[in-house]
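The values are calculated or read from the model by the stated rules, or taken from the named source; none is laboratory data. Every value quoted in this text rests on a predicted model; they were computed, and no experiment measured them. Methodologically, a virtual Cβ is constructed for each residue, glycine included, from the backbone with ideal geometry; neighbour enumeration extends over all protein chains shown. Side chains included, ligands, DNA and RNA excluded: accessible areas come from the protein's heavy atoms. Shrake-Rupley method; radii C 1.70, N 1.55, O 1.52, S 1.80 Å.
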Amino acid sequence: NIMLKKKFFAKALAFAMVMGTVSVYGGAAAPISIVQASDSTASGMTITVDYSTFEATLTINGDEKYVCLQVLKDSQGSKVSSEIWYPVDNQKAVVDLSFLKAAKPSYLRLRTSTGVESAITTVNAQPKKISIKYDAVKKEFLDGKTKLAIAAADLPKYEYKTLYGSYWGTITASSNAFESSTLDSFIADKLDSAIKSGTTLVIRKKAVTTGEKAPASPEVKIKIPAIAKAPKVKVTYEKGKIQLPKGVEIAVLGAATLNDNDFKAVEGSLTPTELLKKAGVTEDNIDQNIYNGYTIVVRTKATTKKPASNMAFVTINSSPVLQLETSSKTIKAKVGSGTANTSKIDYVMNEKDIKLTVSPDATTPANTYTFSYSLDGKKWITLSTGATTVALEDGAKIKFRVAAVKENELTKTKGAFESNEIELEFKSTPASGG
């Protein structure tokens, strides 16, 4: 039996040398011949490595339809580790070199079916696997070994993509932020919301394409924990309160970019004035905010273990500004813009009966505001649109205000806190002396 096998193998080998056969080396199938390799190197056969994509362009100078890429054991090419055949198109073939993942240099050589070989090309080793973590509280990338923040100048050396993303983006040096402008449409549109809701990023060190070239480092996965939802804020205009949950901090939104130092710990049920004071607004600007409207930014405070929550932006509508126009017999209350007059006004009257007239300004929708007056500061009497006659004694005091407006989703009426109050004191005209 052994003798028969040897004879069969000898005949098969002889037939293959004459007719040729087909071999497969982990890649494409290609016709080959068993020919003694030439000692000379073929001119024009080259391997060009693009480290940014970690691809090699194989170039030959003949009419070969296939070319063999040999992975060698050493720089002298004394032993072949593996061979892969690739189809050639217009004397070129582009090869993904990711299969070479190794901590030491690789040595490649081309070989044609006729045994002609190229010069040996050295492929520099892939960098070691990086150790990197993400501090969600400080929003910083940390060196996994030292636990220290990666220097801003070094951050652009890294790149990332979402777990199933197609393109790589760069971490910006200025703010440890994720730069999505270079990514595919999914990442560009969804990255911010994905990070807020929790996601996994794939991060690696970029390829080095100048100087001592090297491919990108092996990829590592980093879990970005979800950021808590924004807290809910309840505004009840009719009760004159802004209700903030426990453990939150707020800032009043201005023209400048918000910083962490702009947030102040504020919680509980507060009037607009109380809230603005605790938010750090100066006395000179409190009335201006109340009568012009403002936006507060609310978030749950960060702890040593959790980052601050997403931010809620709550717009507080402008409160009406009550102004009075006085004449000898009529007091006209209206809503207008400008600074509210909150001081006490002495009004000299010639008659005991005066008329109170409600007059919203031209920009105020009809019946939006309710005007009221009080003679004792406790019981408030609604003033209907038009003139109301009130009997007043000498020295009588009367207060005016505009009631709060409840927000109405159906009518799209915007809510508003009540206006400022104005107090008038009436004095009779002194009798003329005889």
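Quick notes on this one:
- Stretch gain in nm, segment Leu253-Ala153, where the contour uses 0.36 nm per residue and the Cα spacing is subtracted: 32.9 nm
- In terms of distances greater than 20 angstrom between alpha carbons, the cross-link table entries Lys246/Lys301; Lys92/Lys206; Lys128/Lys221; Lys277/Lys378; Lys128/Lys213 yield Lys92/Lys206; Lys277/Lys378.
- Met311, Met45, ranked by accessible area, largest first (probe 1.4 Å): Met311, Met45
- Annotation: amide H of Thr295 within the under-5 Å range of Leu253, Ile316, sequence separation 5 or more or interchain, hydrogens built in the peptide plane.
- With R₀ set to 25 Å, the beta-carbon distance separating Glu83 from Thr57 gives a calculated FRET efficiency near 0.85.
- Residue (of Tyr369, Gly395, Leu383) at the positive-pole extreme of segment 366-408, dipole from beta-carbon charges: Tyr369
- Förster-model FRET efficiency, 35 Å R0, Asn310 and Thr210, C-beta, rounded to 0.05: 0.30
- Couplings 3J(HN,Hα) for segment 128-141, derived from phi with the Karplus relation 6.51 cos²θ - 1.76 cosθ + 1.60 (θ = phi - 60°), are 5, 4, 6, 10, 9, 9, 10, 8, 5, 6, 8, 6, 10, 8 Hz, where x marks Gly and Pro.
- The mean sequence distance of close C-alpha pairs (under 8 Å, at least 6 residues apart), as a share of the length of segment 251-310, puts its relative contact order at 35 percent.
- Cα-Cα over 29 Å, subset of Lys239/Lys397; Lys138/Lys239; Lys104/Lys139: Lys138/Lys239; Lys104/Lys139
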